[in-house]
Amino acid sequence: MTVKQISVFLENKPGYLFSMTKVLAEHKIDMRAFSLAETSDFGIARIIVDDVLTTAAVLREAGFVSSLTPVLAVSVPDVPGGLNQVLELLAADDINVEYMYAFLGAKHGSAYMVFRVADVARARASLTASGIRLLCQDELSEL
């Protein structure tokens, strides 16, 4: 189970992030997760939505440059050390985490993380074999 993340490349200037979120709002696209990384010249908005293809088309039509990336959406136990447990499994299998970010869900007792890893298939196998629950794209709209 992988989730498609949309990475949107934005100039690092006032109003560019707003213009992207305005397009999403006008098309009633609900972001399930969001992360923003920046450099001095540009930023990368990483978003998870329930309708990836529509969102990618809307962004393209509005003139934004974006790409799709497979990531893992993971239900992490919402207890002290919950994230550490997941990272320990990945480290034990020599799987590098390139980046990660959290997102909210309404289910009590669970936290949710997005992981971009070098080897998605190996990470998926490692986590599921250890009983860690991965979410699929369809489940995101239910959180």
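Evaluated against (1) crowded, with 18+ Cβ neighbours inside 10 Å; (2) within 16 Å of the chain's Cα centre (by Cα), residue 64 falls short on exactly one condition, (2). Under the condition of being at pLDDT below 90 and surrounded by 14 or more Cβ atoms within 10 Å (Cβ to Cβ), the residues counted in region 7-31 number 0.
Filtering region 98-111 to residues that are assigned to a loop (DSSP other than H, G, I, E, B) and within 22 Å of residue 123 (Cβ to Cβ) leaves only 105.
Checked against the criterion of being in contact (Cβ under 8 Å) with a residue 24 or more places away in the chain, assigned by TED's automatic domain parsing to the domain that holds residue 125 and hydrophobic (A, V, I, L, M, F, W, C), the candidates 86, 23 yield just one match: 86. Of the residues making up region 56-83, just one is free of Cβ contacts under 8 Å to residues at least 24 places away in the same chain, small (Gly, Ala, Ser) and under 19 Å from residue 130 (Cβ atoms), namely 81.
The values are calculated or read from the model by the stated rules, or taken from the named source; none is laboratory data. All values derive from a computational prediction rather than experimental measurement. Ideal geometry is used to build each Cβ from the backbone, glycine not excepted, and the neighbour counts take in all protein chains shown.
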